[in-house]
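The values are calculated or read from the model by the stated rules, or taken from the named source; none is laboratory data. Treat the numbers as computed from the prediction; the structure is a model and nothing was measured. When we count neighbours, we look across all protein chains shown, and the Cβ atoms used for this are built from the backbone with ideal geometry, even at glycine. Ligands, DNA and RNA are excluded from the accessible area calculation, which covers all protein heavy atoms including side chains. Shrake-Rupley method; radii C 1.70, N 1.55, O 1.52, S 1.80 Å.
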Amino acid sequence: MTAKIIDGKNVAQAVRLDCKRRVESLEKRYGRAPGLAVVMVGDNPASTVYVRNKIRACHDVGIRSERIMFPATVGEDEVVRTIAGLCANPVVDGILVQLPLPKSFSIERVLGAIDAEKDVDGFHLYNVGGLVVGNTVFPPCTPYGVMKLLEHEGIEVAGKNAVVVGASNIVGKPMALMLMQREATVSICHARTTDLAQYTILADVLVVAAGHPNLILGPMVKSGAVVIDVGINRLANGKLVGDCDFEGVSKRASFLTPVPGGVGPMTVTMLLVNTVNSAERALSRAASSMVSASV
Ligand code: GUN
């Protein structure tokens, strides 16, 4: 079997075009575009690139964005105060705190300061809880992007064996919950899993988000499986690769996402979707409260 390579760039472009239309429609109807505030602490090089990409993507679809950069020496209280100001600002629809934060920071406190109604990253405990009960306000962007790719390819997960490799709060755990919500039978593997292959070989849908190049080799994959590679690893020679041996896995799988160009473009795209959704909710709520105040 030779896998169909899922073109994440293409799907992302279509979703972004739809976002652009929705932004234009909001501007026409309510006189303002959605707004996103991105908070970054310190100068982690990867975070700098991610934040730049997010700001550029916002610009491309017409979302106003604001970048708030703090030096690594800033106090946690000041960051929390800034977030409180953004929560109170009616033209800010989405607030995102780029992770990682400095080690001395309490991530729970900082993320908890974001109004759940503006938590477009989906990391606030309220949104995490929503995911558990199947009623999320903002699904976290990377797993949401994976679900969009599966939907776009017409891949049904109900009743299938889904295996998620990686149990991070950002990808692995929410990914497993989303697949379970769609009625897949889900297993989660992680760094302490013994004999990873005995799980992966049973997967009809295999999502890998471990951050280890060549973790998944062809013989570990069931023939005809759908394989979604969320890993992004920079090799010593500068090449960007995922967690799968692309050549080996593409001979076994029915679908496979490439790295780069698979899940990556979807993550930022779903941030745009969450921000537009937030603005639509906020603006229609504000408009209906004005109507009820005037009657
Ligand atoms: N750091 C790595 N990935 C992410 C992400 O999706 N959102 C935020 N806020 N920080 C990250």
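Below are the figures for this structure:
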read-out	value
Test: residue in segment 80-100 that is closer than 17 Å to P265 by Cβ and surrounded by fewer than 19 Cβ atoms within 10 Å (Cβ to Cβ)	no
Qualifying strands (runs of 3 or more DSSP E) (wholly inside segment 150-214; at least 1 residues being touching a residue at least 40 places away in the same chain (Cβ under 8 Å) and crowded, with 24+ Cβ neighbours inside 10 Å)	161-165, 205-208
Among residues of segment 34-58, those that are among the hydroxyl-bearing types (S, T, Y) and open to solvent by 20 Å² or more (accessible area, probe 1.4 Å), counted	2
Residue check, V15 in contact with a His (Cβ under 7 Å, 6 or more places away or on another chain), under 30 Å from L256 (Cβ atoms) and not in a loop (DSSP other than H, G, I, E, B)	no
Residues located in segment 106-120, provided they are outside any helix (DSSP H, G or I) and open to solvent by less than 20 Å² (accessible area, probe 1.4 Å)	I114, D119, V120
Failed item in (1) open to solvent by less than 10 Å² (accessible area, probe 1.4 Å); (2) within 16 Å of the ligand (Cβ to nearest atom); (3) not hydrophobic (A, V, I, L, M, F, W, C), with G218 passing the rest	(2)
Of all residues in segment 1-12 being among the charged types (D, E, K, R) and not in a helix (DSSP H, G or I), the one that is least open to solvent (accessible area, probe 1.4 Å)	D7
Test for T267: is it within 30 Å of N135 (Cα to Cα), of a type in the set (S, T, N, Q) and either open to solvent by 30 Å² or more (accessible area, probe 1.4 Å) or part of a strand (DSSP E or B) (or both)	yes
Filter result for the condition that a residue is among the basic types (K, R) and surrounded by fewer than 13 Cβ atoms within 10 Å (Cβ to Cβ), over R22, R29	R29
Some residue of segment 3-16 being within 19 Å of the chain's Cα centre (by Cα) and within 16 Å of the ligand (Cβ to nearest atom)	yes
Condition broken by I228, with the remaining ones in (1) in contact with a helix residue (DSSP H, G or I) (Cβ under 8 Å, 6 or more places away or on another chain); (2) surrounded by fewer than 22 Cβ atoms within 10 Å (Cβ to Cβ); (3) within 26 Å of D7 (Cβ to Cβ) satisfied	(2)
Residues of segment 103-121 satisfying the condition of being of a type outside the set (V, I, T), within 17 Å of the chain's Cα centre (by Cα) and within 14 Å of the ligand (Cβ to nearest atom)	L111, K118, D119, D121
Filter result (more than 12 Å from L177 (Cβ to Cβ) and either in a helix (DSSP H, G or I) or more than 12 Å from the ligand (Cβ to nearest atom) (or both)) within segment 122-145	L125, Y126, V137, C141, T142, G145
